[in-house]
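Working notes, beginning with the structure itself.
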Amino acid sequence: MKKRLMIIVTMLMTMEMVMATDKVTIYDFLISPGQTKVIKISLENDEAYAAFQFDLYLPQGITVESYSANAERVPTSTNLYMSTLSEGVYRFLSAGMSVDPLVGNSGVIVSLTVKADENLSEGELTGYFRNIVLAKADASGQKYEEMSFPITIVNSIPGDANGDGRVSIADASLIVDYILSGGTITISAGADMNGDGKVSIADASAIVDYILSNH
């Protein structure tokens, strides 16, 4: 195992810096102060990569609580490791006994559980992936210096009608109940999913579309 890990680490360290043809990113990083939420890291890759490494930089006030590899893309023979380099900086490395390639060319590779500090102010922040290395089984691959992604801090999450910190079918159901009750049921500001300033069946429909497209 140690020998195999050393081979993969060597592969990761010897890549050439290139122009970006692959993309590591986080989509829909929307979180509220005090919220704990699962965030998904995706990789779009042109080549059949067998190992990856990257440093994740998060703004002050957002921390990683736990992590896991996505079994649909990361082979069971591959282990995922994370270390904390400094406050808000996390290094991820995949390695395994055999050099099996990632499954497919697009989709989630890592899921993170992150927590936002209660004192965070509403607004737009930026996170970064740095020192990105993607390696193939033959020790060739690509190295990228930096890729960024937006982080939105909101007091209410669009679609979170019941205020539990996530968007689910329960929110669509609550909106339907709210409409049928004539507006007498308590809902959060996040019920206005489409942002048109009112709560209607269009918001319930938008929540269902969101769930179907993201899960």
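The values are calculated or read from the model by the stated rules, or taken from the named source; none is laboratory data. Note that the structure is predicted; figures quoted are calculated from it, not measured. Cβ atoms come from the backbone with ideal geometry, glycine included; neighbour counts cover every protein chain shown.
Descriptive notes on the structure:
- Checking Thr184, Thr152 one by one, the residue that is under 26 Å from Thr126 (Cα atoms), outside any helix (DSSP H, G or I) and of a type in the set (Val, Ile, Thr) is Thr152 and no other.
- Those residues of the range 73-102 which are outside any strand (DSSP E or B), at negative phi and not β-branched (Val, Ile, Thr), in sequence order: Arg73, Pro75, Ser77, Glu87, Met97, Ser98, Asp100, Pro101, Leu102
Okay, residues lined up against (1) of a type in the set (Gly, Ala, Ser); (2) modelled with pLDDT of 90 or more:
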{"site": "Lys115", "(1), (2)": "no, yes"}
{"site": "Thr126", "(1), (2)": "no, yes"}
{"site": "Phe129", "(1), (2)": "no, yes"}
{"site": "Lys136", "(1), (2)": "no, yes"}
{"site": "Ser148", "(1), (2)": "yes, yes"}
{"site": "Ala172", "(1), (2)": "yes, yes"}
{"site": "Ala189", "(1), (2)": "yes, no"}
{"site": "Asn194", "(1), (2)": "no, no"}
{"site": "Asn214", "(1), (2)": "no, no"}
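- Restricting the range 82-109 to residues that are loosely packed, with under 13 Cβ neighbours inside 10 Å and touching a Phe, Trp or Tyr at 6+ places or on another chain (Cβ under 9 Å), the residue that is farthest from Leu134 (Cα to Cα): Thr84
Every residue, every condition in (1) in contact with a Ser or Thr (Cβ under 9 Å, 6 or more places away or on another chain); (2) part of a helix (DSSP H, G or I); (3) at positive phi, yes or no:
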site	(1), (2), (3)
Gly190	yes, yes, no
Asn194	yes, no, no
Lys198	no, no, no
Ala206	no, yes, no
Ile211	yes, yes, no
